1. Given the conditions (1) under 19 Å from the mean Cα position of the chain (by Cα); (2) at pLDDT below 85, report the number of the one that ILE150 does not fulfil.
2. Pairs, please: C-beta under 7 Å, at least 6 apart or cross-chain, first residue more than 15 Å from ligand 1 (Cβ to nearest atom) and in region 112-139, second at pLDDT 90 or above and open to solvent by 30 Å² or more (accessible area, probe 1.4 Å)?
3. Could you check region 285-339 for strands (runs of 3 or more DSSP E) lying wholly inside it with 1 or more residues that are charged (D, E, K, R)?
4. With the requirement that a residue be among the hydrophobic types (A, V, I, L, M, F, W, C) and within 12 Å of SER157 (Cβ to Cβ), what does region 171-187 give you?
5. Just the residues that are of a type in the set (Val, Ile, Thr) and within 25 Å of ALA142 (Cβ to Cβ), please, taken from region 241-272.
6. Test each condition in (1) of a type in the set (A, V, I, L, M); (2) within 16 Å of ligand 1 (Cβ to nearest atom); (3) assigned to a loop (DSSP other than H, G, I, E, B); (4) open to solvent by less than 10 Å² (accessible area, probe 1.4 Å) for ILE202 and report the one that comes out false.
7. Quick test for you: out of LYS210, LYS230, pick the one residue that is open to solvent by less than 60 Å² (accessible area, probe 1.4 Å), of a type outside the set (Ser, Thr, Tyr) and more than 24 Å from THR135 (Cα to Cα).
8. Within region 111-145, track down each residue that is hydrophobic (A, V, I, L, M, F, W, C) and crowded, with 19+ Cβ neighbours inside 10 Å.
Amino acid sequence: NDLANMMGVPVTQIIATCMSLGLFVSINQRLDAETIAIVADEFGYEIEFVKPEDEENTELEEPDNPANLVPRAPIVTVMGHVDHGKTSLLDYIRKSNVIAGEAGGITQHIGAYEVTLDDGRKITFLDTPGHEAFTAMRARGAQVTDIAIIVIAADDSVMPQTREAINHAQAAGVPIVFAFTKIDKAGANTDRIREQLSAMNILVEDWGGKYQCQEISGKTGENVDLLLEKVLLEAELLELKADPKKRAVGSVIEASLDKGRGIVTTVLILSGTLRVGSPILAGSHSGKVKALHNERGQKVIEAGPSTPVQILGMSGAPTAGDKFYEMENEVEARQVANKRLQLQREQGLRTQKHITLDEIGRRL
Ligand code: GTP
Ligand code: MG
């Protein structure tokens, strides 16, 4: 009946079509995806399946109020092949830009940091792993990011995960700044890298192309300031803005169970401002913000656009990449979460086949 209404045809015709396929269905019967596609095709329609979560998500986000839009810091994801120097670069940036007295506080490793430069400009960085197994994380990183720094070790070459990172950034329409790292090492040859990139149709600026690139060392810190300037230049062109007055929305970076503190969820706030006490929803889990901590482990009372923040108070651990919402009230948050959990269970039952012990381990 729903399908008939969507296509504007009498429901009897749908039933007749199903019969011709050998299916005897009633008016209220649910059809599986394949049958829906075949039946729709008979009537000249192509079916696009929308995940209920995606549809719901657009409804959960409060729209921006244009009058409240203010500039926000760029979110920059560092991507590249394994061991090419992503984390070293980020560590250097963090260490050289921490306010005196705070340095000792940097103990936690979370994959997101906010850095304030001398002149007060801010950049939010996301680290991603280069290992092959983390394709999904890189893809998600590319989705929340404004600019991608793609790191390539000058003593090595353009490698599989370099290409993959480039593809993710391009697919997401994210501007790329290349960082040729490890220039302090013997055997560093950045022209070889430029050449390999040009073979992929990527011409860097000093070869007359449109892609900015910078030779750096994450070890000595050489030219890292120049790299940041290039990133900020790219950011200026984007004129990034957000509405800090609306209910917070963000993206889950990681979540884990801490024995003493319960579920610790790191989210990157994309718009709005999150405060202690707010009802929240992420994936199929809900809760209420009990405490907020910045990346240095310090308590904060609120987190605005482009800030990474650790949240205590979720009922369960959401998955990295899940959208995160501040809700109007806890009841609604719980209802949506429960509905999603229910759907997941149903789908799990339907697709359950042979589960290995290893997979069970991963689910826990
Ligand atoms: P994954 O997260 O595993 O993908 O690696 P990564 O890209 O984060 O690389 P990481 O920063 O961990 O660096 C890998 C190795 O290269 C480490 O031993 C670093 O000390 C070294 N390294 C990174 N950058 C530089 C650099 O600029 N110069 C030199 N000499 N060594 C570097
Ligand atoms: Mg790393």
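The values are calculated or read from the model by the stated rules, or taken from the named source; none is laboratory data. Since this is a predicted model, take the numbers as computed values, not measurements. Methodologically, a virtual Cβ is constructed for each residue, glycine included, from the backbone with ideal geometry; neighbour enumeration extends over all protein chains shown. The accessibility values were calculated without ligands, DNA or RNA, using every heavy atom of the protein model including side chains. Shrake-Rupley method; radii C 1.70, N 1.55, O 1.52, S 1.80 Å.
1. Status for ILE150: all satisfied but (2).
2. As it stands, the answer is GLU114/LYS122; VAL115/LYS122; THR116/LYS122, since those pairs meet every condition given.
3. Qualifying strands (runs of 3 or more DSSP E): 285-293, 323-326.
4. Once the filter is applied, which keeps residues that are among the hydrophobic types (A, V, I, L, M, F, W, C) and within 12 Å of SER157 (Cβ to Cβ), region 171-187 yields only PHE180.
5. Here is the first cut: in region 241-272, the residues of a type in the set (Val, Ile, Thr) are 249, 252-253, 263-267, 269.
The answer is VAL249, VAL252, ILE253, VAL264, THR265, THR266, VAL267, ILE269.
6. Going through the list (1) of a type in the set (A, V, I, L, M); (2) within 16 Å of ligand 1 (Cβ to nearest atom); (3) assigned to a loop (DSSP other than H, G, I, E, B); (4) open to solvent by less than 10 Å² (accessible area, probe 1.4 Å), ILE202 breaks only (2).
7. Working: LYS210 fails: open to solvent by less than 60 Å² (accessible area, probe 1.4 Å).
Being open to solvent by less than 60 Å² (accessible area, probe 1.4 Å), of a type outside the set (Ser, Thr, Tyr) and more than 24 Å from THR135 (Cα to Cα) holds for just one of LYS210, LYS230, which is LYS230.
8. ALA112, VAL115, ILE123, PHE125, LEU126, MET137, ALA142, VAL144
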